[in-house]
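Asks: Input: one structure, supplied below.
The values are calculated or read from the model by the stated rules, or taken from the named source; none is laboratory data. Quick caveat: nothing in here was measured; it's all calculated off a predicted structure. We place every Cβ from the backbone using ideal geometry, glycine too, and count neighbours over all the protein chains shown.
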Amino acid sequence: MYTKNQVSKTKQAFWTIFGQYLKPVPSAEGAKVQWQNYKTGIKKIFFRMRAEKDFASISIEITHPDPDVRELFFDQFEQFGKLLEMETGESWEWEKEAVDEYGGALKRIGKRLEGVNVMNEEDWPAIISFLKPRIIALDRFWANVKYGFEGLV
């Protein structure tokens, strides 16, 4: 078992390495971007990357408190679903009804890698190899579709 402090320090070290690894990579629009804390520019739409003790994941999370607005955003993403698949080169899992770690309702579109452990540094290359191309592809996708979300709310 790991202490909370060990988990926190290890995750911090992982995300620091991940950030350094992606630092020279510009966004699809040529701007400097902090990949591990990606800003979509649309309130309540987040690109989340997680590295845990038994999986790694990347997702689009729609967390708007109004369920109708969440649905509207999710529907808009569905309209752009083929473009997402084209940019990432794969299909992602679409969750109409999900909850966050605090029990809050959200909608999620994501991809997950099972069998990796952020606490094991030997798994870091696999986690980075999973996350890196997907966040870059997600950025390319977002550069093409974000304007379709600006006037929705």
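Asks: Determine which member of the set 150, 101, 93 is farther than 24 Å from residue 34 by Cβ and surrounded by fewer than 18 Cβ atoms within 10 Å (Cβ to Cβ). Talk me through it step by step, then tell me what you get.
Replies: Numbers: 150 fails: farther than 24 Å from residue 34 by Cβ; 101 fails: farther than 24 Å from residue 34 by Cβ.
Exactly one of 150, 101, 93 is farther than 24 Å from residue 34 by Cβ and surrounded by fewer than 18 Cβ atoms within 10 Å (Cβ to Cβ), namely 93.
Asks: Restricting the first residue to region 113-135 and requiring it to be of a type in the set (Gly, Ala, Ser), which pairs with a second residue that is assigned to a helix (DSSP H, G or I) and at pLDDT 95 or above meet a Cβ separation below 9 Å and a spacing of at least six or different chains?
Replies: The qualifying pairs are 115/123; 115/126.
Asks: Taking only region 136-153 into account, find how many residues are assigned to a helix (DSSP H, G or I) and either without any contact (Cβ under 8 Å) to a residue 60 or more places away in the chain or among the aliphatic types (A, V, I, L, M) (or both). Break it down stepwise before answering.
Replies: Pass one, region 136-153, residues assigned to a helix (DSSP H, G or I): 136-148.
Right, trim to either without any contact (Cβ under 8 Å) to a residue 60 or more places away in the chain or among the aliphatic types (A, V, I, L, M) (or both) and you get 136-138, 143, 145, 147.
Residues flagged as assigned to a helix (DSSP H, G or I) and either without any contact (Cβ under 8 Å) to a residue 60 or more places away in the chain or among the aliphatic types (A, V, I, L, M) (or both) within region 136-153 amount to 6.
Asks: Just name the residue that is nearest to residue 115 (Cα to Cα) out of those in region 49-58 that are of a type outside the set (Ser, Thr, Tyr) and buried (at least 17 other Cβ atoms within 10 Å of the Cβ). Let's see the steps before the verdict.
Replies: Residues of region 49-58 of a type outside the set (Ser, Thr, Tyr): 49-56, 58.
From what is left, the residues that are buried (at least 17 other Cβ atoms within 10 Å of the Cβ) are 49, 51, 56, 58.
Values: 49: 16, 51: 11, 56: 8, 58: 15 Å.
That would be 56.
Asks: Where in region 1-113 are the helices (runs of 4 or more DSSP H), entirely inside, with at least 1 residues that are over 17 Å from residue 145 (Cα atoms) and not β-branched (Val, Ile, Thr)?
Replies: Working: elements: 4-22, 67-79, 81-88.
Those helices (runs of 4 or more DSSP H) span 4-22, 67-79.
Asks: State all residues of region 52-72 that are touching a residue at least 60 places away in the same chain (Cβ under 8 Å) and acidic (Asp, Glu); if no residue qualifies, say none. Give the derivation first.
Replies: Of the residues in region 52-72, the ones touching a residue at least 60 places away in the same chain (Cβ under 8 Å) are 52-56, 58, 60, 64, 69, 72.
Residues satisfying the conditions are 52, 54.
Asks: Would you check if there is a residue in region 1-21 being surrounded by 14 or more Cβ atoms within 10 Å (Cβ to Cβ) and either of a type in the set (Asp, Glu) or out of contact with any helix residue (DSSP H, G or I) (no Cβ under 9 Å at 6 or more places or on another chain) (or both)?
Replies: Yes, some residue in region 1-21 is surrounded by 14 or more Cβ atoms within 10 Å (Cβ to Cβ) and either of a type in the set (Asp, Glu) or out of contact with any helix residue (DSSP H, G or I) (no Cβ under 9 Å at 6 or more places or on another chain) (or both).
Asks: Specify which of the listed residues (48, 70) is under 13 Å from residue 138 (Cα atoms) and of a type in the set (Lys, Arg).
Replies: Values: 70 fails: under 13 Å from residue 138 (Cα atoms).
Among 48, 70, only 48 is under 13 Å from residue 138 (Cα atoms) and of a type in the set (Lys, Arg).
Asks: If you go through region 37-51, how many residues are within 17 Å of residue 111 (Cβ to Cβ), among the basic types (Lys, Arg) and touching a residue at least 12 places away in the same chain (Cβ under 8 Å)?
Replies: Going through region 37-51 one residue at a time, the tally reaches 1.
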